Amino acid sequence: MYIPFFEKHVPSDVIAAWVSVIIIGIVLATYVIKQNKWSVIWEYMRTTHHRKVGTLYMIFGFLFFLRAGVDALLIRSQLALPQNEFWLFQFQKYNEVFTTHGTMMIFFAATPMLLGLMNVAVPLQIGARDLAFPFLNAVGFWLFFAGGMLFNLAFFFDSAPAIGWTGYAPLSTSLFTPDVNSDYYVFGVQISGLGTIFTALNIIVTIFRHRAPGMKLMRMPLFTWASLITSFLILVAFTVLAIGLYLLMFDRMFDTKFFNGPDGDPIFWQHLFWIFGHPEVYILALPAFGLFSDIITTFSKKRIFGYPAMVISIGTIAFLAFTVWVHHMFTVGLGPLVNTVFALTTMAIAVPTGVKVFNWLFTMRGGVLRMTTPMLFSLGFIPSFVMGGVTGVMLSVSAADFQFHDSHFVVAHFHYVILASTILGIFAGIYYYFPKITGYQLNEKLGKWHFWLFLIGYHLTFFPMHITGMNGMPRRTFTYDVGEGLTATNFISTIGAFLMGIGVAVMFYNLFITIRKKERVGSDPWDGRTLEWTVASPAPEDSFQPMPIVKEMDPYWYAKQRGEDLETTDEKLASPISRDSIIPFIMANLLAVLSFGLMYGWIWLAVLAGAGVFMCFIIRAFRDEREQYYGKGEDGHESV
Amino acid sequence: MKRLMLLSFVFLLSGCSDIAVLNPKSVTGQEQAYLIWLSLGIMTLVILVVFVLFAWFTFKYRYTKNKDGFVPTDVKGNLKLELTWTIIPFVLLAILAVPTIMTTYDHSPELQADNREGADKEGTHINVTGQQFTWTFEYENGKTVHDELIIPEDETIVFHITSKDVIHSFWIPELAGKVDAVPGRVYTYEIKDAERGTYRGKCAEYCGIQHTNMVFNTEVVSKSDYEDYLKKPDNQDD
Ligand code: HEM
Ligand SMILES: [Cu+2]
Ligand SMILES: [Cu+2]
């Protein structure tokens, strides 16, 4: 079929995508018009409040998670049988699908959903009214949104990138992929990465500057600790990624030769990418560790075992995360010495991780374990994650990695780690914080169905993949032969994947009916331990009035045990002032338009959009949301 | 879930003898497989400890009706225990590190200035070139063949690996681990004492649209057959 903008004929999967998006769009639009929800949409487009921005992060992160999940099911359908020809997903289409799957999962699903949870919970955990820079927070979110949407657009124009989520040069340079496909990767990831850096800065300053009186660093909940350290990781790692992507952009747009030719070197890209990429794994894992720590303490009715060791091991892991990147490059031929050194540093990282696992176990020991849905996810995490950690140590044995590398064994390993920590963590976090976000509590029975389906599906998918890999199946290949001994394990993996899909569908249904039922819960539905459970559900815009005084770890729990209320003070802390603004939305989306112009060589569009972004800077520079409050004391809210 | 895992474990053990990488057909591959087995062994120990503690604690301390209203005593930590699970892993990893270092030093591919450097190494030399989407093998007498690799048994084969365009990776799972083929660089990689047989070779680094089909056939033959093979004309255009 010939359609303008598409030089070639339009494949049926792209048509299917257009049709379904249009149908969903019409359904949503009718709903919005019928229910007259425009004001809500307008409100969320302009909001700078941490809970609302966090909610947006979660909604769009979840949307992209679904998209990437559909990709996963397409991959697994193609791999179900040897020499299979599922729909169109061979050759280029397959390459596009695993590229979007990986890229979307890492950059547009896992990372943003964690940032969303941080946005919601961190200020509440430390007694802050909002993040330190509310405006910047909105900018951060909309940049993620714009980058994600730009990246998604690629598929609809039948131009999805096909260079893997790692974008290895020289394949990703204009020499070998001259079309716009790879540009979508470069620009989409770049824009959203920028947003991630901003949000990380915001979290760091918030935690250092806006803690309630008495909330010393060593009294902070572990999720806050993890968020703090993760934010430092983001700051360094995403900056390195941004540099790498800039160089790649220059190679692609202006024929510089950073990553190929006699002066450049494709290996430079790998170093830059993995100096980002390995810490990224911990950017995904650490916040989940923090969440699990909080959830396990809450539902064991015990404080965390070895709090200082937990904090130190988060720090140690974060530090070591920058010293191990070459374990992704053992087969690149950097020589025996380099391979050995990085094998040792990689092994070392297992030690603090092990400390955390045992401390979780001993937190449970002697407690009363309430098997709520968030707790189930946390319990599911422990053995699953340990299995992923174990294969991690096996991969660190560099000479053995010559066999494992780039095979399905690695695919099994990193899904074990990421799904156990990040995805189970996000699910746990959603169930745990849903009351703080919406005021409703998700259905526990459906939650348990979700948990068991997902967990069983997860092991069924990825456990056999270890064997598939050791039987010689390279990753990123779309088929295999009958006699290779790969059929049984691949088939089981596919069954597992669909089981996981059903699990997520159950969760979706749960979200749907819970929001429809509108049964409000109180401020403390889980019998919590930390400050976030003292504020109303959903968290109001004017939280912590008056300000609590913190005298110990888990202050709310111990106050409840003594039958007291938390002590409060009328003293005011400097607190951020949030004013709704549409500028972040406009600015970020114009940046996507600018990229679009550059990609397709429509310079006029790029210039116009660039001018627009610059105008936003100027407008912003001349507006001061504190103006109203000058001379009215430190706390603006009081005098309004 | 437990039963499921147990089942898959049995499944794993029973299948082990057929798993290519665990049962390789060259000395190089066997040394690598030894490391895999060793690390798997040590790690199984760790897994067992964690799983037993996990199952025990989850079962014993789960909520039951008679625990209603019971508030457990807080435990802040325990230095001795925490030191134990810091030090023991360290020791286990140290045990694993020694053979890792030794084998890694032995097996790591080396960067060469060009195809000729490293030619003094003992063994049969073969130049391997990856190019979208074929493998080219050049033997010592200049014979050049695509997508088919013939090597003599029980000898050290020194591969000189490079690429003409993007990065590929040279891998024969049943013989030994892989080495990337990088444009502008030549690596030497040795595979020692392969057994006679036919094995599949693959490209393990994603290189573009036909990556999946960038496979080659490997045959390990007797030394005399190898000599005969070298004398035959290429039979291939190049
Ligand atoms: C929901 C169930 C999931 C299934 C069934 C699944 C399946 C797969 C499969 C089969 C591959 C290998 C494709 C190939 O090499 O040919 C893959 C690659 C990958 N997956 Fe997943 N996956 C799932 C979830 C996730 C999640 C949650 C993440 C991360 C947050 C993730 C991140 C990745 C990445 C980074 C790759 C590598 C892509 C590449 O090679 O460029 N996946 N996935
Ligand atoms: Cu890594
Ligand atoms: Cu390839």
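The values are calculated or read from the model by the stated rules, or taken from the named source; none is laboratory data. Keep in mind that what you see is a predicted model, and the values were worked out from it rather than measured. Heads up, the Cβs are rebuilt from the backbone with ideal geometry, glycines too, and the neighbour counts pull from every protein chain shown. Side chains included, ligands, DNA and RNA excluded: accessible areas come from the protein's heavy atoms. Shrake-Rupley method; radii C 1.70, N 1.55, O 1.52, S 1.80 Å.
Kindly evaluate B:Gly130 against the criterion of being away from ligand 2 (no atom under 16 Å from the Cβ), outside any strand (DSSP E or B) and either open to solvent by less than 50 Å² (accessible area, probe 1.4 Å) or in contact (Cβ under 8 Å) with a residue 40 or more places away in the chain (or both). Don't jump to the end; show me each part of the working.
On the way: away from ligand 2 (no atom under 16 Å from the Cβ): yes; outside any strand (DSSP E or B): no; either open to solvent by less than 50 Å² (accessible area, probe 1.4 Å) or in contact (Cβ under 8 Å) with a residue 40 or more places away in the chain (or both): yes.
No, not satisfied.
Can you say whether A:Gly306 is on the phi > 0 side of the Ramachandran plot, touching a residue at least 40 places away in the same chain (Cβ under 8 Å), surrounded by 21 or more Cβ atoms within 10 Å (Cβ to Cβ) and more than 16 Å from ligand 3 (Cβ to nearest atom), as far as the supplied structure shows? Spelling it out, A:Gly306 is indeed on the phi > 0 side of the Ramachandran plot, touching a residue at least 40 places away in the same chain (Cβ under 8 Å), surrounded by 21 or more Cβ atoms within 10 Å (Cβ to Cβ) and more than 16 Å from ligand 3 (Cβ to nearest atom). Taking the conditions (1) in contact with a helix residue (DSSP H, G or I) (Cβ under 9 Å, 6 or more places away or on another chain); (2) buried (at least 24 other Cβ atoms within 10 Å of the Cβ); (3) assigned to a strand (DSSP E or B); (4) not hydroxyl-bearing (Ser, Thr, Tyr) in turn, B:Arg200 satisfies each one other than (2).
A:Phe385 meets each of the listed conditions (1) open to solvent by less than 10 Å² (accessible area, probe 1.4 Å); (2) within 16 Å of ligand 2 (Cβ to nearest atom); (3) within 14 Å of A:Leu291 (Cβ to Cβ) apart from (1). Filtered by the rule that a residue be within 11 Å of A:Arg51 (Cβ to Cβ) and part of a helix (DSSP H, G or I), segment A:123-133 gives A:Pro123, A:Leu124. Within segment A:349-371, if we keep just the residues that are among the hydrophobic types (A, V, I, L, M, F, W, C) and more than 30 Å from A:Phe322 (Cα to Cα), the residue that is farthest from the other protein chains (Cβ to nearest Cβ) turns out to be A:Met371.
Within segment A:372-391, which residues are more than 9 Å from chain B (Cβ to nearest Cβ) and of a type in the set (A, V, I, L, M)? Result: A:Met375, A:Leu376. Answer yes if at least one residue in segment A:270-287 is crowded, with 20+ Cβ neighbours inside 10 Å and within 16 Å of ligand 3 (Cβ to nearest atom), and no otherwise. Within segment A:270-287 (the criterion being crowded, with 20+ Cβ neighbours inside 10 Å and within 16 Å of ligand 3 (Cβ to nearest atom)), the answer is yes, since at least one residue qualifies.
For segment A:257-269, give me each residue that is more than 16 Å from ligand 3 (Cβ to nearest atom), surrounded by 17 or more Cβ atoms within 10 Å (Cβ to Cβ) and on the phi < 0 side of the Ramachandran plot. Give the derivation first.
At the first step, the residues of segment A:257-269 found to be more than 16 Å from ligand 3 (Cβ to nearest atom) are A:257-265, A:267-269.
From the residues that got through so far, the ones that are surrounded by 17 or more Cβ atoms within 10 Å (Cβ to Cβ) too are A:258-261, A:264-265, A:267, A:269.
Within segment A:257-269, A:Phe258, A:Phe259, A:Asn260, A:Gly264, A:Asp265, A:Ile267, A:Trp269 qualify.
Any residue in segment A:76-89 that is more than 14 Å from every other protein chain (Cβ to nearest Cβ) and closer than 26 Å to A:Val281 by Cα? The answer is yes; a qualifying residue exists.
I'm trying to understand the selection: among the residues of segment A:155-174, which are surrounded by fewer than 24 Cβ atoms within 10 Å (Cβ to Cβ), hydrophobic (A, V, I, L, M, F, W, C) and closer than 18 Å to A:Ala72 by Cβ? Selection gives A:Phe155, A:Trp165.
Within segment B:155-183, if we keep just the residues that are open to solvent by less than 10 Å² (accessible area, probe 1.4 Å) and assigned to a loop (DSSP other than H, G, I, E, B), the residue that is farthest from the other protein chains (Cβ to nearest Cβ) turns out to be B:Leu175.
Filtered by the rule that a residue be open to solvent by 10 Å² or more (accessible area, probe 1.4 Å) and facing chain A (nearest Cβ under 8 Å), segment B:21-36 gives B:Leu22, B:Glu31. Look at (1) facing chain B (nearest Cβ under 8 Å); (2) farther than 25 Å from A:Gly102 by Cα and you find that A:Met394 fails only one, number (2). Kindly establish whether A:Ile312 is more than 16 Å from ligand 1 (Cβ to nearest atom), open to solvent by 10 Å² or more (accessible area, probe 1.4 Å) and out of contact with any Cys (no Cβ under 9 Å at 6 or more places or on another chain). Yes.
When restricted to residues that are within 16 Å of ligand 3 (Cβ to nearest atom) and free of Cβ contacts under 8 Å to residues at least 40 places away in the same chain, segment B:210-238 contains 1.
Tell me, which residue of segment A:480-523 that is outside any helix (DSSP H, G or I) and open to solvent by 20 Å² or more (accessible area, probe 1.4 Å) is nearest to the other protein chains (Cβ to nearest Cβ)?
Here the residue is A:Gly485.
Taking B:Leu81 and the conditions (1) within 10 Å of another protein chain (Cβ to nearest Cβ); (2) open to solvent by less than 40 Å² (accessible area, probe 1.4 Å); (3) more than 30 Å from B:Leu35 (Cβ to Cβ), which numbered condition does it fall short on, given that it satisfies the others? Here B:Leu81 clears every test but (2).
Can you tell me which residue within segment A:197-227, out of those that are open to solvent by 10 Å² or more (accessible area, probe 1.4 Å) and within 17 Å of the chain's Cα centre (by Cα), is nearest to B:Asp165 (Cα to Cα)? Across segment A:197-227, the extreme among qualifying residues is A:Ile197. A:Phe319 meets all of the listed conditions (1) away from ligand 2 (no atom under 16 Å from the Cβ); (2) free of Cβ contacts under 8 Å to residues at least 12 places away in the same chain but one, namely (1).
In this structure, is A:Thr99 of a type outside the set (A, V, I, L, M) and surrounded by 20 or more Cβ atoms within 10 Å (Cβ to Cβ)? Give the derivation first.
Details: of a type outside the set (A, V, I, L, M): yes; surrounded by 20 or more Cβ atoms within 10 Å (Cβ to Cβ): yes.
In short, yes.
With respect to being within 30 Å of A:Arg529 (Cβ to Cβ) and either in contact with a Leu (Cβ under 7 Å, 6 or more places away or on another chain) or open to solvent by 20 Å² or more (accessible area, probe 1.4 Å) (or both), A:Arg252 falls outside the description.
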